[in-house]
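In what follows, a structure is listed as structure tokens, so that the remarks can point back to it.
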Amino acid sequence: MRDKSIKFAGRSHKFGRHDRLTIEGATYRAIKKSGDRHLLQPIIGDTIQDCYVVKRDDDINKLMRKRCFRVDEDFYSKAAVLLRTEYDDTYLSDLNDETLKTIAWKQEWCVRVHRAVVGLDPYILPGENIKHLKPFIEANKDTIHEWYFNTFEEWRPRGRPYLDIPPKEFDYPSPSGLRDWLRKMKHYNGKLEAFIPKYDNCGNRNQLDLQVEKIVDKRVKEYPDSRKFDKSHVFENIENDLKEINSGKPEAEHLHVGRSAVLRRINKLHPFKVLAGQTSVDRALRKYTPVGRGLAIKELLERVEMDDWEVDLHVLVEKSSVWNRLTPKERDLVPRARCTATVIIDLASRAIVGFNLTDAAPSTISSKSALRTTFIDKTYLAVWAGAKSTWPMYGRPRNLATDGGSAFKGDFAQALTRCRVKHQLPDPDPRMRGTIESFFRLFKRLCRYFAGQAFHNVVEKGEYDAESMASLTINEFY
């Protein structure tokens, strides 16, 4: 393998993604390099942390001089260690672990063929054509698959389906595929470079005329702008610039560029720079700021989240027993309403421990009713629903998180104090109560199964008469 250790005198360091870096006793893993800066991820024990550390080449040089910096190459990849034992200068440290395992898999097949050709293995292979490789594959596929499992402690994935042919039990090569591997090994003089994926070399990347390329690059750079251009506007501006260049030229010499070529260049722009240019740097920083793993809640009712939502569904404000006795004219007179659902969810179990449904607007009364249901034994409900857990889903929550709405103040706050429940009011950002917000997304899907659903605006609603299409009574929906 190529030497990637100490490099001084202005030469930048280069660490592979599988290397272990030890800096003053702490362990890190190299994630990314930009210029002379290295983005490192701390590792405590066997746990990869969510935070990052930036080290410059100058800092690393100083640490090396103090003997406080050590690099263990390919520490986090068994496949990389296996391949590095061979005499080969192919650089493999920028490949992920799955690609390295695939390279080892292909190399083992080629080695087995060569051993059979020279008579080192019992199987005699007269030649390397498809007719002779087919029985060789059938005779050795299980043995090589077993070698892969013993080496990496996992099986190879299933083969890809093709037309009506069922996939292989694992992705052993076809005779023509194995022949291509052997030819690549021969072309690269037996080096592992033969099996490195080269998807970046596909296609012709230099099809644009130099004049066209300058115009495209100029206009694409205008996309992250406060004027908030659409991608179609960028393409129209490029076409207008090309019209000026093409004016006076014969039609055969006109310059053109395709829409897909422009879109590819726009899509390659960094999303942070696009958002910062179109809005502000502050908003981009808030959106792309790395976040941690969230709250580590393990105990039941240690923290619950509560919120209310005006349901996206019109229901009939009448009991089912009464509705069945009404005439069609009387049914038309029954009022329709959109209910308000107040939900309390436990973060540890993801169980709904409190619920209330009303046809009135959100209020402290509905919030207190939902809170009351958290203290009611739900064993009968769990049995009816076929729940496998034996937890009765009731008790006194330790912490209850809500937003700052009026339904969670006044009498409701006093009720929490009497129940000895700590009331938490996180920031207005919905992500601070992500569990309950995520539940309401699933609740919206439920409403789409019934007639009478509501919409966000009149354009989306169209001519759909949501109120007259209401199909459920409030009791049925509850």
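Please figure out what share of the DSSP beta bridges in the chain is antiparallel and state it in percent, rounded to the nearest 5. Don't skip to the end; give the middle numbers.
Values: 39 of 45 bridges.
So the antiparallel bridges amount to about 85 percent of the total.
Given (i) 29.8, 92; (ii) 22.7, 94; (iii) 32.7, 94, which label gives Rg and Dmax of the Cα atoms in Å as computed from the coordinates? Here the calculated entry is (iii). Near Ile297, once Lys and Arg are set to +1 and Asp and Glu to -1 for all other residues with Cβ below 9 Å from its Cβ, the sum equals -1. Its DSSP H runs of at least 4 residues, each contributing -39,500 (n - 2.57), put the calculated 222 nm mean residue ellipticity of the chain at -11000 deg cm²/dmol, to the nearest 500.
For the stretch 377-424, the C-alpha radius of gyration divided by 2.2 N^0.38 Å, with N the number of residues, is 1.51.
Of all stretches in the chain that contain no GluC sites (Glu not before Pro) in a DSSP loop with at most 15 other Cβ atoms within 10 Å, the longest one is 303-462.
Please report the net charge: other residues with Cβ closer than 13 Å to the Cβ of Phe408, K and R +1, D and E -1. That sum, taken over residues with Cβ under 13 Å, equals -2. The label point for Glu138 and the one for Ile43, both projected 7 Å from the Cα toward the Cβ, are 4.5 nm apart.
The H on the amide N of Ile297, modeled in the peptide plane, is under 5 Å from the matching H of no residue at least 5 residues off or on a different chain. The Cα atoms of the stretch 113-172 give a gyration tensor whose axes a ≥ b ≥ c have a/c of 1.5 or more with a/b no greater than b/c, which makes the shape oblate. Would the stretch 330-478 count as rounded, prolate or oblate if I go by the C-alpha gyration tensor, calling it rounded below 1.5 in a/c and otherwise prolate when a/b exceeds b/c, oblate otherwise? Prolate. Projecting each Cα onto the charge dipole of the chain (Lys/Arg +1, Asp/Glu -1 at the beta carbon, about the Cα centre), which of Trp155, Ile44, Ala26 comes out farthest on the positive side? Result: Ala26. The mean accessible area for residues of the stretch 124-271, using a 1.4 Å probe and ignoring ligands and nucleic acids, is 71 Å² per residue.
What is the percent carbon and sulfur in the accessible area of the stretch 323-478, measuring with a 1.4 Å probe over the protein chains and ignoring ligands? List each step's numbers first, then the result.
Numbers: 5310 of 9740 Å².
Its accessible area is 55 percent carbon and sulfur atoms.
Placing unit charges on the Cβ atoms of the charged side chains and taking the dipole of the chain about its Cα centre, the candidate lying farthest along the positive direction among Phe195, Val459, Phe440 is Phe195. Under the combined filter of DSSP loop state and at most 13 neighbouring Cβ atoms within 10 Å, the stretch 261-360 retains these trypsin sites (Lys or Arg not before Pro): Lys268, Arg293, Lys298, Lys319, Arg325, Arg350. In this structure, the amide hydrogen of Ala348, modeled 1.01 Å from its nitrogen in the peptide plane, lies closer than 5 angstrom to those of Leu301, Glu302, Arg303, counting only residues at least 5 positions away or on a different chain.
A simple count of charges around Ala348, restricted to other residues whose Cβ falls under 9 Å of its Cβ and scoring Lys, Arg +1 and Asp, Glu -1, yields 0.
Per-residue 3J(HN,Hα) values for the stretch 298-311, derived from phi via the Karplus relation 6.51 cos²θ - 1.76 cosθ + 1.60 with θ = phi - 60°, read 10, 8, 5, 6, 5, 8, 10, 10, 9, 7, 10, 8, 7, 5 Hz in sequence order (x marks Gly and Pro).
Backbone amide hydrogens, once placed in the peptide plane, bring Cys339 within less than 5 Å of Val311, Leu313, Val315, excluding anything fewer than 5 places away on its chain.
The peptide list 423-435, 366-378, put in order of mean Cβ contacts within 10 Å with the highest first, becomes 366-378, 423-435.
Might you report the magnitude of the Cβ-based charge dipole of the chain about its Cα centre, with Lys and Arg at +1 and Asp and Glu at -1, to the nearest 20 debye? Please report the intermediate quantities before stating the final value.
Working: 82 positive and 68 negative charges, 224 e Å.
Result for the chain is approximately 1080 debye, rounded to the nearest 20.
Solvent exposure of the stretch 352-461 amounts to 63 Å² per residue of accessible area, where only protein heavy atoms count and the probe is 1.4 Å. Counting only lysines at least 8 places from Lys298 when in the same chain, those with an alpha carbon closer than 22 Å to its own are Lys378, Lys388, Lys422.
Quick one: grab the alpha carbon gyration tensor of the stretch 181-291, order the square roots of its eigenvalues as a ≥ b ≥ c, and give me rounded if a/c is under 1.5, else prolate or oblate depending on whether a/b is larger than b/c. Oblate is the answer for the stretch 181-291, as a/c is 1.5 or above yet b/c matches or exceeds a/b. In order along the stretch 174-182, the phi-based Karplus estimate (6.51 cos²θ - 1.76 cosθ + 1.60, θ = phi - 60°) of 3J(HN,Hα) comes to 7, x, 5, x, 5, 4, 5, 4, 5 Hz; Gly and Pro are listed as x. Across the stretch 457-473, computed HN-Hα scalar couplings (Karplus, 6.51 cos²θ - 1.76 cosθ + 1.60, θ = phi - 60°) run 8, 5, 5, 5, 5, x, 9, 6, 8, 5, 5, 5, 8, 4, 10, 10, 7 Hz from first to last residue, x flagging Gly and Pro. Tell me the angle of helix 130-152 to the major Cα principal axis of the chain, expressed in degrees between 0 and 90 and rounded to the nearest ten. Tilt of helix 130-152: around 60 degrees. Net charge dipole, the stretch 340-416: roughly 220 debye, given to the nearest 20, about the Cα centre with Cβ charges of +1 for Lys and Arg and -1 for Asp and Glu. Farthest towards the positive end of the charge dipole of the stretch 351-422, among the residues Thr373, Asn399, Phe355, is the Cα of Asn399, using unit charges on the Cβ of Lys, Arg, Asp and Glu.
The values are calculated or read from the model by the stated rules, or taken from the named source; none is laboratory data. Nothing here was measured: the structure is a model prediction, and the numbers come from that model. So basically every Cβ, Gly included, is an ideal-geometry build from the backbone, and we count neighbours across all protein chains shown. Note: accessible area is taken over every heavy atom of the protein model, side chains too, but ligands, DNA and RNA are not part of it. Shrake-Rupley method; radii C 1.70, N 1.55, O 1.52, S 1.80 Å.
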